[in-house]
Each structure stands twice: as C-alpha cells, then as structure tokens.
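Working notes, structure below.
The values are calculated or read from the model by the stated rules, or taken from the named source; none is laboratory data. What you see is a predicted model; the values in this text were computed from it and never measured. Cβ placement follows ideal geometry from the backbone for every residue including glycine, while neighbour counts extend to all protein chains displayed.
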Amino acid sequence: MATLQLHNITKRFGDTEVIKGIDLEVNDREFVVFVGPSGCGKSTLMRMIAGLESATDGDILIDGQRINDVGPADRGLAMVFQSYALYPHMTVEDNMGFSMRLAGVSKEKRRAKVLEAAKILQLEPLLDRKPKALSGGQRQRVAIGRAIVRNPSIFLFDEPLSNLDAALRVQMRIELARLHDELDATMIYVTHDQIEAMTMADKIVVLHDGVVEQVGSPMALYHHPRNRFVAGFIGSPK
Ligand code: ADP
Ligand code: MG
C-alpha cells in the first residue's frame, strides 16, 4: 500500500509564494500526472514530496503517516529526474547497484536485484557497458533501474523524457506504462507535455501558478474542463 496525501501544502522562497495551499490525494497504484506550464511549481512540489525541499506550511502523509520530518532516504520513494547523471566511470551494473552498495548490501544480493531490474528494463546485455557507450534511451532506462532496485513504494518522475527525441519519448512512454503494470507501484509523473499527460495518466492534476486548477481523468478534463486555463491546456477545442 502506498497512498500520498497533501494537506494545504505551501512553499515560499523569501517573500514569493510559489506553492499556494495545495490539497491532493494520490491512491495506491495510481499513475498520477502533474501537468502545467514551465514555472508553475511542478518540480518544487515533487521536491517537497521527495523531502529534498521542506514545505513552508501544510502536511505530507504517506499511508496516513505525517512524513514532513522524515529524511528523503527514509520516505520509501525514488525519484528520476530529467538530468539523470550516471557515474561515467562505472558500468551499468555498478550504476544500478550503487545505492545498495552504500547501504552495505552484499555483492550477491546486489547482483540479483540488478539482474531483476535489468530484465524488466531489457538492459541485461548492457550491464558491463559504461554510460558513454549507451544511447539516450538506454541511459534513461539505467536511471529508472537505479530507482527500481530501491523497491520504492512511490516513484517520482520529473520530466524524465524531456531530453529524448520524439520517437524515443513515445517508446519510453509505453515502457513506463508497462513498468507501472509490472511493479504495481504508485507513480507520480511531472510533465509540461499535454500529450504525455493524456496518454499516461489515470489521474491528471493541472497546476497553474502554484495552485491546482483541476483534478480528474484525462477524459473528464478533456470533455469537462473547469475553466479557460484547463480548456486551453488540455480541453477539447469546441
Ligand atoms: P516547474 O517545475 O513547474 O517549471 P518550479 O517548481 O521549478 O516550476 O518553479 C516554480 C517557481 O519557483 C518558479 O518561479 C521558480 O523560479 C521558483 N523557484 C524554484 N526554486 C527556487 C529556489 N530555490 N529559490 C527561489 N525561487 C525558486
Ligand atoms: Mg520543473
């Protein structure tokens, strides 16, 4: 089980309020997409969920427990960013196993876990390669593999496909959807791309200037946008 609740989450940087009292529920095993224009606060919200940034106000709950004061490593989450810096001097296997090595997991156990993730991501033939010998899509899969081996209850993706070309983005969308089915995990996915939101989400959260404009299924938002902003962003053109 992994549910997430945000209660009145606010973030101020100095005098500027960039997240303005957000309430939100993410259900167990849901694929939720945060969508909104650049600068609306998507990454700030994700970083607060991940524990990389503190909330100025409000509560963050996982499975009903308040986790505001729990460190990022102990939240049971794994985050995949747009810039998925891999360690250039390490092989794919060592990149994927690195967090386990830090945690003192034995070599045999690391290898077993990496192989399991590599199988899901079709990285098995590439485990001995260094990152520079991989394509962009393969590198991104390694970054996702690093997240998988941590067994997170919730995956956080912040524009993970933005650096890939259009064809690869389409392929990775399909792979992420398959991953969601196979892992039975809760996933929160940030994008400024409406098509990505429409094709991947169980539930879309439309953000604008630090507030939630509307929450709903892709079809609900498409056919019944609540206001002009949502209509302009993902609504039907009628
Ligand atoms: P998005 O991910 O939707 O593009 P961000 O969450 O990165 O938006 O940024 C939201 C707003 O908060 C922007 O106006 C940005 O300039 C501001 N912001 C983000 N991080 C900081 C920070 N560390 N200090 C000051 N302002 C910030
Ligand atoms: Mg961002």
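For the reader, a short list of remarks on this structure follows.
- Here ASP209 passes the criteria (1) of a type outside the set (A, V, I, L, M); (2) surrounded by fewer than 16 Cβ atoms within 10 Å (Cβ to Cβ); (3) under 18 Å from ASN27 (Cα atoms) except the one numbered (3).
- In the set LEU161, LEU168, LEU86, LEU102, only one residue is of a type in the set (A, V, I, L, M), surrounded by fewer than 15 Cβ atoms within 10 Å (Cβ to Cβ) and at pLDDT below 95; that residue is LEU102.
- Residue count for the range 6-53 satisfying the condition of being in contact with a helix residue (DSSP H, G or I) (Cβ under 6 Å, 6 or more places away or on another chain), among the aromatic types (Phe, Trp, Tyr) and within 16 Å of ligand 2 (Cβ to nearest atom): 1.
- Filter pass, LEU102 being without any contact (Cβ under 8 Å) to a residue 40 or more places away in the chain and either over 20 Å from VAL205 (Cβ atoms) or touching a Cys at 6+ places or on another chain (Cβ under 7 Å) (or both): yes
- Members of the range 105-118 that are outside any loop (DSSP other than H, G, I, E, B) and either surrounded by 11 or more Cβ atoms within 10 Å (Cβ to Cβ) or in contact with a helix residue (DSSP H, G or I) (Cβ under 9 Å, 6 or more places away or on another chain) (or both): LYS107, LYS109, ARG110, ARG111, ALA112, LYS113, VAL114, LEU115, GLU116, ALA117, ALA118
- Looking only at the range 212-226, and only at residues there that are aliphatic (A, V, I, L, M) and surrounded by 16 or more Cβ atoms within 10 Å (Cβ to Cβ), the one that is nearest to VAL32 (Cα to Cα): VAL215
- Qualifying residue in the range 203-218 (condition: more than 17 Å from the chain's Cα centre (by Cα), assigned to a helix (DSSP H, G or I) and farther than 26 Å from ASP63 by Cβ): yes
- Across the range 142-150, a minimum of one residue is classified as at pLDDT below 95 and not in a helix (DSSP H, G or I).
- The range 147-159 - residue that is within 13 Å of ligand 1 (Cβ to nearest atom) and not charged (D, E, K, R) and, of those, nearest to MET187 (Cα to Cα): LEU156
- If only residues of the range 151-172 that are within 16 Å of ligand 2 (Cβ to nearest atom) and outside any loop (DSSP other than H, G, I, E, B) are counted, the one that is farthest from ALA197 (Cα to Cα) is LEU156.
- Members of the range 13-41 that are over 10 Å from GLY210 (Cβ atoms) and either touching a Pro at 6+ places or on another chain (Cβ under 8 Å) or of a type in the set (D, E, K, R) (or both): ASP15, ASP23, GLU25, ASP28, ARG29, GLU30
- Criterion violated by ASP59 - all others in (1) within 16 Å of ligand 1 (Cβ to nearest atom); (2) surrounded by fewer than 18 Cβ atoms within 10 Å (Cβ to Cβ); (3) among the charged types (D, E, K, R); (4) in a strand (DSSP E or B) satisfied: (1)
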